Amino acid sequence: MFWLRLVARSTALACLPLAMALYAQLAPAPQSAAILEIQVLKPTAKVSPMLYGLMTEEINYSYDGGLYGELVSNRTLNEASWMGAPHWLIVQKGDSRASMELDKSTGPSVALSKSLKLNVSKADAKSPAGVENDGFWGFPVRARTTYQGSFYAKADNTSVGPVTVSLINNDSGTVAASATVPALTTEWKKYDFVLKTGEIATSSTNHLLLSVQHPGSIWFDLVSLFPPTFHNRKNGNRIDLMEKMVAMKPTFLRLPGGNYLEGDHISERYEWKKTIGSLVDRPTHPSPWKYHSSDGMGLLEFMEWCEDLRVQPVLAVYAGYSMMQEHVNPGADLEPYVQDALDEIEYVTGSANTKWGAVRIKNGHPEPFPLTYVEIGNEDWFDKSNSYDERYAQFYKAIKKQYPQLQLIATTPVKGLTPDVIDDHYYKRAVEFFDDVHHYDKTDRNGPKIFVGEWATREGSPTPNFGSALGDAAWMTGMERNSDVIVMASYAPMLVNVNPGGMQWESDLIGFDTLNSYGSPSYYAQVMFGSHLGTEVVDSKLNGGGPRFFYSVTHDAAKGLLFLKLVNGSSSPQPLEVKLTGATQVTPTVKLVSLSAHTTEETNSISDPVRIVPVHNSIKTAGADFHHVIPAYSIQVLELAVK
Ligand code: AHR
């Protein structure tokens, strides 16, 4: 119609027949009709109850500056720059005089042994001096909101007086909220404060100021400010991002990576023991995605994240390989790492009678967490020393001895023993996924199970476009059909901060900035697939149809529901005859969920967040046999009540 309108507008009415002929020439060729025969009550395979889940790691500011609620950037002064302490600046109001420096000689704990020293030589009530933090691309400030803050500090003498903490708008200078912390002592101490906003406009262009009104020296560290969090967890997560995950109906969370688990160097691996307990005892660490990790999102926070989503962790343990081709030799050298993994499993699952279970309880979580799957390493096919066969075997034997019930995932096929599960990763273009939807149809059902632990169609930046959603949906039909052997699957990466410089990896499922977040078309495809899944694959046969038409059928006998997923990756509609056999009753009203776009490039963005979203509808069918047309570039779910 677009062409028709274009031509008709620019030519006289007399040219209409010519315009119509032109349109007919440009209109995409119709697709051959497809006939889909479904034997509703003839299961061919079980659907894995944990098929769809999530994968996470610190990438694209997923945690710091993202999901993890902390608003102060470089809160522990562990980020370094030749210009000083990134994200911190000196503030001299009126005619005050002050300077700041990074002091490596003192800090509030062994783990945090340096601090920000503020030297004030002149200040008074009208001319305060202090330091400011610019946050993660600003501070999100909203009306009538309570922010919980704290910092560690000491002064060289008590005459420095109180510290005023304020959230200030960058553009207007308006103070959105302010609190005063009583006079500091000369010993390191933690100070808590609360900032409450009134009737103000929502904005992200804000900074945090800590100021004093008297001369003296003050050392600051672990300056923290949290907005309200999901489930009001202390040290918790951003609400909008958690809600988006909940909507996907995931069953597990693979953590903590990814490359983030391995680190560039062995010394930069994810060392879980350094991420638990009080924040002041966490030394923080450099991450492979080129920014420093605060480790505020530590092992217990990961577990509580799982608890909040009501999912199981899929716990990846460091297995002696880091990305710059550094590995630990199997045997005696690897033993401490194996022990670390055993301790980690004990921390997650152990009772009060165990050493590490007791530590978890001390850290605030009495109940053990459920755990079925442990992954040994990440992408160990990159290890050119070929040490993974032996490393995996060493971990496998030690873990199985103590925890025979655990399923142990290998990151690549292993010689010498059969892993319980193998983790396969796929990052592809849509056409490649279209061509590969039968990948697992012939997989040996007597071999290891499959975990598709990372996969994504990578078209579109920062988040995938509709072409990607089509590639993803096609691939998911193949995974559903084979979900007797594919026990779990998780898209990666999940999150991206779309602010300038926030992204290290293109095509990420959910985008966010300082204030808002949005789901990509691929995200909505995941929501549709995750929330409409039966317990068994049923027998089906497709005749005809275009080359970019894909489907899957699953049935939930207990609920009496049949889920038909239809993916039309073509630019023309796909006519379909559905023939249901075996069911004695098919309710004529069918729930229809549709996600579609005008082109494969069409997409959602932070400024156009709901351009492409699922549309819920219902259609009437004439019983067990019915005609349906899947529009061009569409992903659809039909939910039929059957008996
Ligand atoms: O998902 C991004 C990265 O891709 C992961 O960290 C790594 O496992 C894979 O190579």
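A few notes on this one:
- So Thr463, is it surrounded by fewer than 24 Cβ atoms within 10 Å (Cβ to Cβ) and assigned by TED's automatic domain parsing to the domain that holds Arg254: no
- Verdict on Ser385 being touching a Gly at 6+ places or on another chain (Cβ under 6 Å) and part of a loop (DSSP other than H, G, I, E, B): no
- Residue list for the stretch 499-512, restricted to those being on the phi < 0 side of the Ramachandran plot, assigned to a loop (DSSP other than H, G, I, E, B) and out of contact with any Phe, Trp or Tyr (no Cβ under 7 Å at 6 or more places or on another chain): Pro500, Met503, Trp505, Glu506, Asp508
Residues are listed down the side, and each one gets a yes or a no for (1) assigned to a loop (DSSP other than H, G, I, E, B); (2) without any contact (Cβ under 8 Å) to a residue 60 or more places away in the chain:
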residue	(1), (2)
Val72	yes, no
Leu89	no, yes
Ser121	no, no
Glu132	no, no
Arg144	yes, yes
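- Selection status of Met248, within 16 Å of the ligand (Cβ to nearest atom), assigned by TED's automatic domain parsing to the domain that holds Pro366 and surrounded by 22 or more Cβ atoms within 10 Å (Cβ to Cβ): no
- Given (1) at positive phi; (2) touching a residue at least 40 places away in the same chain (Cβ under 8 Å); (3) not polar (S, T, N, Q), number of the condition Asp295 does not satisfy: (2)
- A single member of Leu542, Leu562 is buried (at least 22 other Cβ atoms within 10 Å of the Cβ) and assigned to a strand (DSSP E or B), and it is Leu562.
- Residues of the stretch 550-566 satisfying the condition of being hydrophobic (A, V, I, L, M, F, W, C) and within 16 Å of His627 (Cα to Cα): Leu564, Leu566
- Per-region count, the stretch 77-130, residues in contact with a Ser or Thr (Cβ under 9 Å, 6 or more places away or on another chain), over 16 Å from Asp156 (Cβ atoms) and of a type outside the set (Lys, Arg): 20
- Of all residues assigned to the stretch 534-545, none qualifies as being within 20 Å of Ala430 (Cα to Cα) and under 34 Å from the mean Cα position of the chain (by Cα).
- When the residues of the stretch 318-355 are filtered to those that are hydroxyl-bearing (Ser, Thr, Tyr) and in contact with a helix residue (DSSP H, G or I) (Cβ under 7 Å, 6 or more places away or on another chain), the one that is surrounded by the fewest Cβ atoms within 10 Å (Cβ to Cβ) is Ser351.
- Failed condition for Ser517, given (1) within 16 Å of the ligand (Cβ to nearest atom); (2) touching a Gly at 6+ places or on another chain (Cβ under 7 Å): (1)
- Conditions (1) in contact with a strand residue (DSSP E or B) (Cβ under 9 Å, 6 or more places away or on another chain); (2) at pLDDT 95 or above; (3) among the hydrophobic types (A, V, I, L, M, F, W, C): number failed by Val586: (2)
Here's the yes/no breakdown for (1) farther than 26 Å from Phe369 by Cβ; (2) of a type in the set (D, E, K, R); (3) within 13 Å of the ligand (Cβ to nearest atom):
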site: Pro413; (1), (2), (3): yes, no, no
site: Gly416; (1), (2), (3): yes, no, no
site: Pro419; (1), (2), (3): no, no, no
site: Ala430; (1), (2), (3): yes, no, no
site: Phe433; (1), (2), (3): yes, no, no
site: His438; (1), (2), (3): yes, no, no
site: Lys442; (1), (2), (3): yes, yes, no
site: Trp455; (1), (2), (3): no, no, yes
site: Gly460; (1), (2), (3): yes, no, no
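- Selection of first residues in the stretch 37-64 that are closer than 27 Å to Thr584 by Cα and of second residues that are within 16 Å of the ligand (Cβ to nearest atom), restricted to Cβ pairs under 8 Å at least 6 apart or on distinct chains, gives the following pairs, ordered by first then second residue: Ser48/Met488.
- Residue within the stretch 352-375 that is assigned to a helix (DSSP H, G or I), out of contact with any His (no Cβ under 6 Å at 6 or more places or on another chain), among the acidic types (Asp, Glu) and away from the ligand (no atom under 16 Å from the Cβ) present: no
- Scanning the stretch 35-62 for residues that are within 16 Å of the ligand (Cβ to nearest atom) and in contact with a strand residue (DSSP E or B) (Cβ under 7 Å, 6 or more places away or on another chain) yields Gly53, Leu54, Met55, Thr56, Glu58, Asn60, Tyr61, Ser62.
- Search result, residues across the stretch 382-411 that are within 16 Å of the ligand (Cβ to nearest atom) and farther than 16 Å from Ala316 by Cα: Phe382, Asp383, Lys384
- Hey, Gln526 assigned to a loop (DSSP other than H, G, I, E, B) and either within 16 Å of the ligand (Cβ to nearest atom) or surrounded by 22 or more Cβ atoms within 10 Å (Cβ to Cβ) (or both) or not: no
- Subset of the stretch 63-102 that is small (Gly, Ala, Ser) and crowded, with 19+ Cβ neighbours inside 10 Å - its residue that is farthest from the ligand (Cβ to nearest atom): Ser96
The values are calculated or read from the model by the stated rules, or taken from the named source; none is laboratory data. Remember, it's a predicted structure, so these values are computed and weren't measured experimentally. Heads up, the Cβs are rebuilt from the backbone with ideal geometry, glycines too, and the neighbour counts pull from every protein chain shown.
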